Structure formats: structure tokens, C-alpha cells
Amino acid sequence: MNEVLDVISQVVQLEDEARRYYLQAAAKAQNPLAKNTFQWLAQEELQHRQYFMAYYQAMERQQEWPPMSEVGVTRRDTRGQAAAIFEQALAQVRDEVPADIELTALYNKAMEFERQSIELYRARAQQTNSANARQFYEFLADQEQAHLDLLAATLEYLDRPNLWHLADERWIVEG
């Protein structure tokens with residue numbers, strides 16, 4: 001049980017660090033797409049922290065990993081939410097993308113947070129003997145992968161908007 005609680009403590013610290021970073025990045029970003037992306041990611045990391053705290057409380061009582069449904073973890077369409085954030089922000093910047101020289105560095109560090117989380121959750125999923133823990137870790141790894149995908153797509157757009165639109169609308173070229 002102590003090992004599990006140590007893992008939860010480590011993960012809560014990682015989620016808190018990522019959330020603080022995303023809030024700082026959102027404050028620095030001038031571009032609406034970047035600002036909205038970082039704000040949404042900060043909320044996502046807070047949600048993950050809350051999931052782990054719910055597990056911690058449940059495990060103190062039960063001494064084992066409960067199913068996700070017992071601690072209020074529900075499958076969400078994170079990819080759909082990320083796409084909506086991207087589309088909303090794109091509507092704000094269609095005419096002009098404000099220059100933001102720090103964005104590449106901000107995004108690279110953000111993507112590193114997501115990669116670390118994915119790696120940690122996948123490793124934990126493989127190491128655990130609990131089916132409930134494995135399901136939860138795999139769920140989180142998928143969530144973090146969606147975050148990484150969003151960051152990569154928005155960075156690509158911000159770095160090369162003309163090429164991004166061409167790739168996004170390739171059906172016009174192909175068909």
C-alpha cells in the first residue's frame with residue numbers, strides 16, 4: 001500500500017508542476033490559440049490531480065484500487081475537446097496570427113511534460129497487478145497522448161500556418 005501511495009504522491013506532484021507551467025505559459029502567450037491551449041491543459045491537469053486524490057481517499061478505506069467508476073473517473077472525449085479548443089482558437093486568429101517569439105520554447109517544454117506523463121503512466125500500467133489500476137493508468141496515458149497531439153498540432157499551425165492549412169485541406173488537392 002505504501003508503494004501505491006508513493007506513486008500517487010509522485011504523480012500528483014507531476015500533475016501540479018505541469019499545471020503551474022501551463023498557467024504560466026498561458027499568461028505569457030499573446031496568441032489566442034496558444035493561450036486557450038495552455039489554459040485548457042491546466043484544467044486537464046487539475047482534473048487528473050483530482051482523480052488521484054479520489055483514488056488516494058478510496059484506497060485509504062479499501063486498501064486496493066477501486067474501479068474508475070467508484071471514484072468518479074469517467075471516460076471523456078479528450079480528443080474531441082482538444083479539437084474544439086483548436087477550432088475555437090483558430091476562429092480568433094484566422095485573420096492575423098500575433099507574433100509570439102517564446103511559443104516554440106513554451107510548447108517544447110509542455111510537450112516534454114506530456115511525454116513524461118505518458119511514459120510514467122504506460123510504465124505503471126505494465127508494472128501493476130491490479131486490473132483497476134492498469135485501466136486507470138491506460139486511461140491517463142491516452143489523455144496525455146491527446147494533450148501531446150494537441151500541442152503538436154497547435155505548434156505546427158503556429159510555426160507554419162500556410163502549410164498547416166494545406167495539409168488540413170489536402171482533400172482539395174487530392175480530389
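Miscellaneous remarks
- Cut-off 10 Å between beta-carbons: net charge of the residues surrounding LEU140, Lys and Arg +1, Asp and Glu -1: -2
- Carbon/sulfur fraction of accessible area - the range 1-157, other protein chains in place, 1.4 Å, %: 44 percent
- Highest to lowest packing among 75-83, 141-149, scored as the average C-beta count within 10 Å: 141-149, 75-83
- If you take the Cα centroid of the range 5-26 and the Cα centroid of the range 115-157, the two points sit 14 Å apart.
The values are calculated or read from the model by the stated rules, or taken from the named source; none is laboratory data. Computed from a predicted model, the values in this text were never measured in an experiment. Note: ideal-geometry Cβ built from the backbone for every residue, glycine included; neighbour counts use all protein chains shown. These accessible areas exclude ligands, DNA and RNA; they are computed on the full protein's heavy atoms, side chains included. Shrake-Rupley method; radii C 1.70, N 1.55, O 1.52, S 1.80 Å.
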